[in-house]
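Single-structure report; data block below.
The values are calculated or read from the model by the stated rules, or taken from the named source; none is laboratory data. Keep in mind that this is a model prediction, so the values were computed, not measured. Here the Cβ positions follow ideal geometry from the backbone for every residue, glycine too, while neighbour counts run over all protein chains shown. For the accessible areas, the whole protein counts, side chains as well, though only heavy atoms, and no ligand, DNA or RNA atoms are used. Shrake-Rupley method; radii C 1.70, N 1.55, O 1.52, S 1.80 Å.
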Amino acid sequence: MGEDAESPKINHTFLRDYVTEADVISTVEFNQTGDLLATGDKGGRVVIFQRETESKGELEDVGETLDSGEYNVYSTFQSHEPDFDYLKSLEIEEKINKIRWLSQQNAAHFLLSTNDKTIKLWKVSERDKRPEGYNLKDEEGRLKDISTITSLQVPVLRPTDLMVEVRPRRVFSNGHTYHVNSISVNSDGETYLSADDLRINLWHLGITDRSFNIVDIKPANMEDLTEVITSAEFHPHHCHLFVYSSSKGTLRLCDMRASALCDRHTKLFEEPEDPGSRSFFSEIISSVSDVKFSHSGRYLLTRDYLTAKVWDLHMDKGPVETFQVHEYLRSKLCSLYETDCIFDKFECVWNSSDSVIMTGTYNSFFRMFDRETGRGVTLEAWRESSKPRAVLRTRRVYTGGKRRRGDVGVDSLDFTKKILHMAWHPAENIIAIAATNNLYIFQDRVNPDTQGQ
């Protein structure tokens, strides 16, 4: 029979590309070994992926020798629910702002997750055995009549299907008046910090009802407010040092040994502004959206709207390296301001050896920069490159001169496809890229060519 002319046609492309707001990934984080990868989304959910070890035979079949596997879903749970602040008549979103793993002490894993107001500590554990042979309970778990018990038996553990249990162990609430933008676990393994727009608090992982305020930049009169805290992180090795960035483009290194309240910084890192290049957008684009210590603890990596910068802790006069992420957008700042894209907060990460940095941009592009040569490469996270063992193609944004095949014009960039969140494996060349509701994991198998996993 012929197709009914009146029957509606389904737009499969639209269905494939349709994304609900709750499914958009808002944070990505590897644990200390890189075997687990956690993502949080705007719907308050946390998804944990586990690395599956490939067998030697499978690797030989594809001509590879590395003992590495794919990441598969390990556990999914609802971390936060939407809430309401009745005193301020404000809704509190369930969106997960940050996830941070704790160092593993036993068979279980622990992670911190936070939305705008509440931080939670979760325990992730496995169970593959169940007890049998209770004296006071029957097989269904009902209590027995004591009068019928004539002998005692020793309960035994029987193998059962593997179960992953995720349980909340601590809930740290009422510590912040403003929106939490950062959490960072201290190297002492006992404390962590949380930062909002105006304050940074120090928490003990075992105490939920109180925290210690270590930074407070709130002025007596809010009309005098000139900057806000945008990000904060502990030093990877020295438990007394931490850094926080501001919307004015400054970094402040603080030492908790010097003072209980670290309003006075130990070092101020700031790049002198060129008066000739100042414009209406100067302060907006200089705001630091992310700051990360290098694994060695010697350097700081920051990201503002147009650039990524590396700072040496021993040199506070300016950055030692500056990388242009998307300088071609400088002429588009007016339109980006009108669409609010200029306020996008891009993250930045180091590789395991601190020799390469990575950060995101628009059109599903992300950039890597080699610190030794200063050279950068633009790569794209899209469906075709997510096929197993597909090679990532380098891309180029056309800004003038000879146009190559495959170049993308500045006016053709899709500003709705932005790469804001990413993570780099702590020991290997494996990266995780969040693109709206998609998570891409790429691995450099044998050679420098980045290959899709």
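Summary of computed values
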| item | result |
| --- | --- |
| Structure-derived mean projected area of the Cα convex hull in nm² - corresponding label in (i) 32.3; (ii) 34.6; (iii) 24.6 | (ii) |
| Residues with amide H under 5 Å from that of residue 41, placed H, sequence gap 5 or more | 26, 96 |
| Relative contact order (%) - the chain, alpha-carbon pairs under 8 angstrom, separation at least six | 10 percent |
| Under DSSP loop assignment and at most 10 Cβ neighbours within 10 Å, longest GluC sites (Glu not before Pro)-free interval of the chain | 141-371 |
| Where labels lie 7 Å past Cα in the beta-carbon direction, separation of residue 107 and residue 257 in nm | 4.0 nm |
| Surrounding net charge for residue 186, when Lys and Arg each add one and Asp and Glu each subtract one, Cβ distance under 12 Å | -2 |
| Heavy-atom accessible area order for 256, 422, largest first, 1.4 Å probe | 256, 422 |
| Two-site label geometry, residue 149 and residue 402: point separation in nm, points 7 Å out along Cα→Cβ | 8.8 nm |
| Net charge, residue 50 excluded, C-beta distance under 12 Å - Lys, Arg +1, Asp, Glu -1 | -3 |
| Computed label-point distance, nm, for sites residue 21 and residue 312 using a 7 Å Cα→Cβ extension | 4.7 nm |
| Charge sum, other residues only, whose C-beta stays under 15 Å from residue 258's C-beta, Lys/Arg counted +1 and Asp/Glu -1 | +2 |
| Calculated FRET efficiency for the pair residue 83/residue 225, C-beta based, R₀ 35 Å, to 0.05 | 0.85 |
